[in-house]
Amino acid sequence: MQDAFVQRRGLMLVLSSPSGAGKTTISRELLGRDGNLALSVSATTRAPRPGEEDGVHYHFLDEGEFRRMVADGDFLEHAEVFGKLYGTPRRPVERTLDAGGDVLFDIDWQGTRQLRDTARADLVSVFVLPPSMDALAERLRQRGQDSEAVVRERMAKAADEMSHWREYDYIVVNESIPESVRRVEAILQAERLRRERQTGLPDFVGRLTDV
Ligand SMILES: Nc1ncnc2c1ncn2[C@@H]1O[C@H](COP(=O)(O)OP(=O)(O)OP(=O)(O)O)[C@@H](O)[C@H]1O
Ligand SMILES: Nc1nc2c(ncn2[C@@H]2O[C@H](COP(=O)(O)O)[C@@H](O)[C@H]2O)c(=O)[nH]1
């Protein structure tokens, strides 16, 4: 909820992890609980998984459309992940932040690095780790949406993904979904209260002390 007393600029909450560690699951829970948090819907050239809807889970584009958006500067960040292109459309994010809303991103370390370079002050980054590699493989398989070849490819890249954990502000080991959601919520609540994000403080304190 937006603070009734003090104006605030929105923040960008990034969740990254090796594929299958649980960031989509955590994101879904957070979005259901927090009315001031909006999901950044990425664009991608990968094919939709069963049940994924265009414009809801991703904007599914062909490579030509994606590259045109890159050329037009329409992405806040973009990267190649698992041989496909992924990017964050710029305008919806900027609109939400300007209105004091917070934006949740499910993006990889390359995209997070780009956001850190261009918008460090607005960025809060969380890296989600699995409790073990066996658990990660199990989660990818039981999700049941990728072929065995895709699961193997993602497991082969997991160690490389995880090598970027030091670049993140916070680390959450996702053993239990409810506990991980509580931890990310706690991070979000604390970051919202950072002095420098509360852009209305000079006015608010001025009114308090203007006797
Ligand atoms: N703490 C947990 N314990 C057990 N299963 C979990 C846990 N967290 C997530 N899962 C399950 O693991 C699977 C993968 O989770 P999810 O799709 O959220 O991962 P992801 O990190 O978003 O993956 P990707 O990067 O491929 O999108 C899902 O089936 C989810 O229900
Ligand atoms: N740099 C970006 N990475 C993104 C974006 N959207 C998703 N992703 C990451 O890609 C992988 C694979 O996702 P999947 O949905 O195909 O399993 C995962 O690590 C996502 O976080 C994006 O816009 N930019």
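Observations on the structure shown:
- Charge tally around ILE177: other residues with Cβ under 12 Å, Lys/Arg +1 each, Asp/Glu -1 each, net +2.
- Probe 1.4 Å - accessible area at THR45, Å² to nearest ten: 30 Å²
- Surrounding net charge for ARG113, when Lys and Arg each add one and Asp and Glu each subtract one, Cβ distance under 10 Å: -3
- Projected label distance in nm at ASP74 and ARG46, using a 7 Å step from Cα toward the beta-carbon: 2.1 nm
- Pairwise Cα separations in region 133-211 fall into 10 Å bins from 0 onward with the following percentages, short to long: 14, 27, 26, 15, 10, 7, 2.
- The residues of the chain present an accessible area of 54 Å² per residue when probed at 1.4 Å with all protein chains retained.
- Per residue, the chain reaches -13000 deg cm²/dmol at 222 nm when only DSSP H runs of four or more residues are counted, each adding -39500 (n - 2.57).
- Remark on TYR58: its backbone amide H falls under 5 Å from those of GLU53, a criterion applied only to residues 5 or more positions apart or on other chains, H modelled at 1.01 Å from N.
- For region 106-162, pairs of C-alpha atoms spaced more than 18 angstrom apart make up 45 percent of the total.
- At q = 0.10, 0.11 Å⁻¹ the log10 of I(q)/I(0) for the chain amounts to -0.46, -0.55, computed by Debye summation with a single uniform scatterer per C-alpha, solvent ignored.
- Accessible surface of LEU61 - all protein chains present, 1.4 Å probe, nearest 10 Å²: 40 Å²
- Between ARG139, ARG91, ARG113, the residue with the greatest mean-square fluctuation in the GNM of the chain (Cα pairs under 10 Å linked by springs) is ARG91.
- Within region 150-180, backbone nitrogen closer than 16 Å to the virtual label 7 Å beyond the Cα of ASP134 toward Cβ: 175
- Extension reserve of the THR24-ASP160 stretch, reckoned as 0.36 nm per residue once the Cα distance is removed: 47.0 nm
- Other residues within the sphere of radius under 12 Å centred on the Cβ of VAL126, judged by their own Cβ, net out at -3 (K and R +1, D and E -1).
- Under the criterion of Cα pairs below 8 Å and six or more residues apart, the relative contact order for region 113-211 equals 32 percent.
- In the elastic network of the chain, a GNM with C-alpha springs shorter than 10 Å, the most mobile of ALA137, ALA119, ALA149 is ALA149.
- Degrees, to the nearest 10: 23-33 long Cα axis against longest axis of the chain: 40 degrees
The values are calculated or read from the model by the stated rules, or taken from the named source; none is laboratory data. Bear in mind the structure is a predicted one, so any value in this text is a computation, not a measurement. Ideal geometry is used to build each Cβ from the backbone, glycine not excepted, and the neighbour counts take in all protein chains shown. Heavy atoms of the whole protein, side chains included, go into the accessibility calculation; ligands, DNA and RNA do not. Shrake-Rupley method; radii C 1.70, N 1.55, O 1.52, S 1.80 Å.
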